[in-house]
Amino acid sequence: LAKTTQPISMDSYEGQEVNITCSHNNIATNDYITWYQQFPSQGPRFIIQGYKTKVTNEVASLFIPADRKSSTLSLPRVSLSDTAVYYCLVGRYSSASKIIFGSGTRLSIRP
Amino acid sequence: DAGVTQSPTHLIKTRGQQVTLRCSPKSGHDTVSWYQQALGQGPQFIFQYYEEEERQRGNFPDRFSGHQFPNYSSELNVNALLLGDSALYLCASSVMDSNQPQHFGDGTRLSIL
């Protein structure tokens, strides 16, 4: 099973760049890395997905080193509305039973 | 284009009762997975349906069962409800054998009294 390890919580301020790192030492060759954001009483919302190197979209960047044993989600210029729980997942969705949600990283943004 | 929709949004039941939750997947998706999320924890995988069959199952008792219909929508049934079944139940849809990520609905909040 593709288990991930990420910080339980992080604090930052509006306008700062936030980087959340996730460790996934037993990632398999065919596994993808996916990050979700979740607000209270809502379902997880897809942020970004990657396989290797760097991926960027309109809300975030994902950095993946060559050994793929970790990944870093980068949120540029955060705002109060970025306060949420962020989950790092590893796997293939055709094998959903092998994808494990940990407890996520609780990100708190202050004014 | 509607995303994943779930009904009802909230539900209150008593111990021993049975409940049915419903999910309509995102347009173009053929696979539905169900998750249970207790307060303060990450979602836990219950099972996955594809081609109207249960394909994978997590560590949940057989009180939890499901169904997928020809239009890809799905139901989650829970029998003999326990207090510990109180949780947010999430449905996620995806395309089988693709690398596309799952898309989640906003869940059904089930409270057991």
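The values are calculated or read from the model by the stated rules, or taken from the named source; none is laboratory data. Quick caveat: nothing in here was measured; it's all calculated off a predicted structure. Neighbour counts run over all protein chains shown; Cβ positions are idealised from the backbone, glycine included. For the accessible areas, the whole protein counts, side chains as well, though only heavy atoms, and no ligand, DNA or RNA atoms are used. Shrake-Rupley method; radii C 1.70, N 1.55, O 1.52, S 1.80 Å.
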Yes/no for B:GLN36 being assigned to a strand (DSSP E or B) and in contact with a Lys or Arg (Cβ under 9 Å, 6 or more places away or on another chain)
no
Total residues in segment A:1-23, condition assigned to a loop (DSSP other than H, G, I, E, B) and buried (at least 17 other Cβ atoms within 10 Å of the Cβ):
2
Pull out all pairs, ordered by first then second residue, where Cβ-Cβ is under 7 Å, the residues are six or more apart or on different chains, the first lies in segment B:55-81 and is farther than 19 Å from B:PHE104 by Cα, and the second is surrounded by fewer than 13 Cβ atoms within 10 Å (Cβ to Cβ) and modelled with pLDDT under 95.
none
Taking B:TYR49, is it in contact (Cβ under 8 Å) with a residue 40 or more places away in the chain and under 20 Å from B:GLY3 (Cα atoms)?
no
With respect to B:GLU75, determine if the residue is open to solvent by 70 Å² or more (accessible area, probe 1.4 Å) and either part of a strand (DSSP E or B) or at pLDDT 95 or above (or both).
no
Is it the case that segment A:61-84 has a residue that's within 14 Å of chain B (Cβ to nearest Cβ) and under 14 Å from B:GLY42 (Cβ atoms)?
yes
Of the residues in segment A:86-99 that are touching a Gly at 6+ places or on another chain (Cβ under 8 Å) and within 8 Å of chain B (Cβ to nearest Cβ), the one that is surrounded by the fewest Cβ atoms within 10 Å (Cβ to Cβ) is A:SER97
Residues (over 18 Å from A:GLN42 (Cβ atoms), open to solvent by less than 10 Å² (accessible area, probe 1.4 Å) and either assigned to a loop (DSSP other than H, G, I, E, B) or within 14 Å of chain A (Cβ to nearest Cβ) (or both)) located in segment B:78-99
B:LEU81, B:SER94
Given the options B:GLY66, B:GLY3, name the one that is surrounded by 13 or more Cβ atoms within 10 Å (Cβ to Cβ), at negative phi and assigned to a loop (DSSP other than H, G, I, E, B).
B:GLY3
Segment A:100-111: number of residues that are at the interface with another protein chain (Cβ under 9 Å from one of its Cβ atoms) and either of a type in the set (Ser, Thr, Tyr) or touching a strand residue (DSSP E or B) at 6+ places or on another chain (Cβ under 6 Å) (or both)
3
For segment A:24-40, which residues satisfy the criterion of being open to solvent by 50 Å² or more (accessible area, probe 1.4 Å) and within 24 Å of B:ALA38 (Cα to Cα)?
A:PHE39, A:PRO40
